[in-house]
Amino acid sequence: MQDTKALLQLQAVSRCYQSAWAKDTIIENLSLDIAPNKMTVVIGPSGCGKSTLINLIAGFEKPDSGEILLEGKPVKGPSHERMVVFQESALMPWLNVYENIIFGPKLRKERSMAEIKAEAEALLEKVGLSVFAQQYPRQLSGGMQRRAELARALINSPQLMLMDEPFRGLDALSHELMQDFFLKLFEETRNTCLFVTSEVDEAILLADQLAILSNRPAQVRAVLDIDLPRPRTQEILNSPEAYAYKRQALELLYEEALKNFQREGKPDDFLEAYSQQEGRHS
Ligand code: ADP
Ligand code: MG
């Protein structure tokens, strides 16, 4: 069945950074399948390598080993088929909201300006920003900026939406409102999405499939199917089913945090790097 085939496959992906002292493995042998028309959420503690993972899939960086396949074909570099919505606003401050949204398609010239304009207007309506089309990013609230970002990504009809903690930093109320808005949008469009977060409630609220990352080097520790009915609202988090998923996810995350905590006291990494460095001089 077409539906069960993965849209994106991460196969034993590894990524290291070389520092002056040592080679730092951020992601090691990470494998994950992203199903089409589903919301896959990746959760892991801050610093575990989530943004690195997004950058690899977006094609901003290359894996040191392993493969990233979109519909079976290796990802070679950035493309508008994989759009990223970042933690920090990536809107261009010198362009107004409308100009920001049409920027990509206008540059590529694949469609007529009339077509692009019509779609931008429909999207502005969808994200509730029609009235603000001529405003500049700095004139918008945090939540409005994120909605403009969503429209900017969606106008490219990406096969895969990559969301890197997009609602982090918003105040609590705007955060919930954006989650509600984003849920509704996803449930209408069923655009395949990989959503990265470090918050368990957000993960359970959004996910069809929840991948829990291990500590660094990041691997997929577990994948939970979040079998909660849609459409969803914040209310669903009060259900016993959601609570059970939350417990399960927290237990796994807690185990990972504990491992990290126990490791922190030991200067193993430093000593290893130091002895390697010393070895060079002898
Ligand atoms: P997360 O998004 O989960 O918080 P990141 O992917 O941003 O984690 O970072 C994971 C680790 O990789 C961090 O320790 C960070 O310092 C390191 N890192 C990220 N990018 C680079 C880079 N370009 N060079 C060296 N180290 C990096
Ligand atoms: Mg990050």
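The values are calculated or read from the model by the stated rules, or taken from the named source; none is laboratory data. It should be emphasised that the depicted structure is a prediction, and the values quoted were computed from it without experimental measurement. Ideal geometry is used to build each Cβ from the backbone, glycine not excepted, and the neighbour counts take in all protein chains shown. Heavy atoms of the whole protein, side chains included, go into the accessibility calculation; ligands, DNA and RNA do not. Shrake-Rupley method; radii C 1.70, N 1.55, O 1.52, S 1.80 Å.
Enter the accessible area per residue of the range 30-124 (Å², integer; probe 1.4 Å; all protein chains in place).
The answer is 47 Å² per residue.
How big is the equivalent ellipsoid of the chain along its three axes, where each semi-axis is √(5λ) from the Cα gyration tensor, reported in whole Å from largest to smallest?
34, 24, 19
With the Cα gyration tensor of the range 39-99 giving a ≥ b ≥ c as the square roots of its eigenvalues, does the rule (a/c under 1.5 for rounded; else a/b larger than b/c for prolate; else oblate) give rounded, prolate or oblate?
oblate
Restricting to DSSP H runs of at least four residues, report the calculated mean residue ellipticity at 222 nm for the chain, -39500 (n - 2.57) per run over all residues, nearest 500 deg cm²/dmol.
Counting only the DSSP helices, I get -13000 deg cm²/dmol.
Run the simple label-point estimate for Glu176 and Glu71 please: 7 Å along Cα→C-beta, distance reported in nm.
Simple spin-label model gives 4.1 nm for this pair.
Two-decimal Rg/Rh of the range 198-245 from alpha-carbon positions, Kirkwood Rh?
The Rg/Rh ratio comes out at 1.01.
What is the local net charge at Leu123, summed over the other residues whose Cβ is closer than 15 Å to its Cβ (Lys, Arg +1; Asp, Glu -1)?
Charge balance in the 15 Å sphere: +1.
When you count, for each residue, the other Cβ atoms within 10 Å and take the mean per peptide, how do 164-177, 208-221 rank with the highest first?
So the order, starting with the most tightly packed, is 208-221, 164-177.
Using only the Cα atoms of the range 111-175, what do you get for the radius of gyration and for Dmax, in Å?
Here Rg and the maximum Cα pair distance are 12.7, 40 Å.
At a 1.4 Å probe, what is the % contribution of carbon and sulfur to the accessible area of the chain?
Here it works out to 52 percent.
Please name which of Gly104, Pro45, Leu213 has its Cα lying farthest along the dipole of the chain towards the positive end, using unit charges on Cβ (Lys, Arg +1; Asp, Glu -1) and the Cα centre as origin.
Gly104
For the range 88-247, with only Lys/Arg (+1) and Asp/Glu (-1) charged at the beta-carbon, what is the dipole magnitude about the Cα centre, in debye rounded to 20?
It works out to roughly 480 debye.
Give, in nm to one decimal, the length gained when the segment between Leu107 and Leu258 is fully stretched (0.36 nm per residue of separation minus the Cα-Cα distance).
So the chain would gain 49.5 nm between Leu107 and Leu258.
Just the accessible area per residue of the range 140-227, please: how many Å² with a 1.4 Å probe?
33 Å²
Arranged from highest to lowest average of other beta-carbon atoms within 10 Å per residue, in what order do the peptides 155-162, 226-233 appear?
The densest-packed peptide leads the list: 155-162, 226-233.
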